[in-house]
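Heads up, the thing below is written out as structure tokens.
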Amino acid sequence: MLPTPESLEGKPVPNVTFKARPNDQWKDITTDELFKGRTVVLFSLPGAYTPTCSSTHLPRYNELAPVFKQNGVDEIVCISVNDAFVMNEWKVGQDAGNITVIPDGNGDFSEGMGMLVDKRNVGFGMRSWRYSMLVKDGVIEKIFIEADKDGDPFEVSDAETMLRHVNPDAQIPEPVVVFSKPGCPHCARAKATLKAHGLTFTEISQDQKINSSVLRAVSGQSTWPQVFIGGKLIGNADAVDAYFGLAKAA
């Protein structure tokens, strides 16, 4: 049986040492290093590379990380009962530079949380249940635990739910995509403008697959860059400047 939020909130996180590999070097990381004197959002999931974890859970926390930091969160940590090699490669493949991945390879932290569950029916062995929590100075202030039911429920441990708890009035930015071309000065200018306004974006650079034909098919334009915000085509670098009310450079 999973613990209730009420049984965990107000209590310290388990005292555990993780076997991690930051920068491809073995390093022991303690829970004190992660949480002491800091405000941390931690989300835990059944496994790296699994569908919901890869398509939604990790990417959305990574996307909203700047908003969390604007609202007082020092770090966002993802934990899973996987080894350090798997966690690191998953992070690279997900382009999740805003997330600190922590391998709970032996399940010690998950067990200490009361979240270690038997997934042998799908060949996973013992894994973590899906949850998220806000930890301040090593103490659990708030925790969202997915319902104890069959399958892999994902209803309350998402990034938006946690952000609404941290600050109900937090502004969630629209998703931004930049189709760019290597060495293009206009692309560099558009990206600089987006960064100056605190927007995180996904850059899709010209290659053998993303070519001028693809650009025209998606945007109706043939010049680089083409910027999309919230599903709407903004256009080239001049259009981005105009969107933010900037005067065109002479």
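The values are calculated or read from the model by the stated rules, or taken from the named source; none is laboratory data. Small disclaimer: the values here were computed from a predicted structure and weren't measured. For neighbour counting, all protein chains shown are included, and Cβ atoms are generated from backbone atoms with ideal geometry for every residue, glycine included. Just so you know, the surface numbers come from the protein's heavy atoms only, side chains and all, with ligands and any DNA or RNA stripped out. Shrake-Rupley method; radii C 1.70, N 1.55, O 1.52, S 1.80 Å.
Database remark: amide H of Ile204 closer than 5 angstrom to the amide H of Val178, Phe179, Ser180 (H placed geometrically; neighbours at sequence offset of 5 or more, or on other chains; Pro and chain starts carry no H).
One equal scatterer on each Cα of region 43-142, no solvent, Debye formula: the resulting log10 I(q)/I(0) at q = 0.21, 0.22, 0.23 Å⁻¹ is -1.13, -1.22, -1.31. Please find, in a Gaussian network model of the chain (springs between Cα atoms separated by less than 10 Å), the residue of Phe85, Phe35, Phe144 whose mean-square fluctuation is greatest. Result for the chain, Cα springs under 10 Å: Phe85 fluctuates most. Gain on full extension, evaluated as 0.36 nm per residue between Arg21 and Val156 minus their Cα-Cα distance, stands at 45.6 nm. Semi-axes of the equivalent ellipsoid for the chain, computed as √(5λ) from the eigenvalues of its C-alpha gyration tensor and ordered from largest down, come to 38, 20, 17 Å. On the chain, 49 percent of the accessible area sits on carbon and sulfur atoms, based on a 1.4 Å probe. When the listed pairs Lys69/Lys142; Lys19/Lys191; Lys19/Lys195; Lys69/Lys136; Lys69/Lys149; Lys36/Lys149 are checked against a 25 Å cut-off, the alpha-carbon distance exceeds it for Lys19/Lys191; Lys19/Lys195; Lys69/Lys149; Lys36/Lys149. Taking packing as the residue-averaged number of other Cβ atoms within 10 angstrom, the listed peptides 58-64, 97-103 run from highest to lowest as 58-64, 97-103. Entry comment: accessible area of region 29-156 is 42 Å² per residue, from protein heavy atoms only and a probe of 1.4 Å.
With the helix formula -39500 (n - 2.57) applied to DSSP H stretches of n ≥ 4, the chain reaches a computed 222 nm mean residue ellipticity of -8000 deg cm²/dmol.
How many percent of all Cα-Cα pairs in region 9-102 sit more than 16 Å apart? Within region 9-102, distances greater than 16 Å cover 55 percent of Cα pairs. Based on C-alpha pairs under 8 angstrom that are at least 6 apart in sequence, region 89-230 has a relative contact order of 15 percent. Amide H contacts for Arg38 (H built 1.01 Å from N in the peptide plane; partners 5 or more residues away or on another chain; cut-off under 5 Å): Asp137, Gly138. Contact order, relative form, for the chain: 18 percent (alpha carbon pairs under 8 Å, 6 or more residues apart, mean separation divided by residue count). Once the Cβ-Cβ distance of Asp74 and Lys209 is raised to the sixth power relative to R0 = 45 Å, the FRET efficiency obtained is 0.75. Isolated cysteines of the chain, defined as having no other cysteine beta carbon under 4.7 Å away, are Cys53, Cys78. The three principal axes of the Cα atoms in region 121-198 give end-to-end lengths of 52, 35, 22 Å, sorted in falling order.
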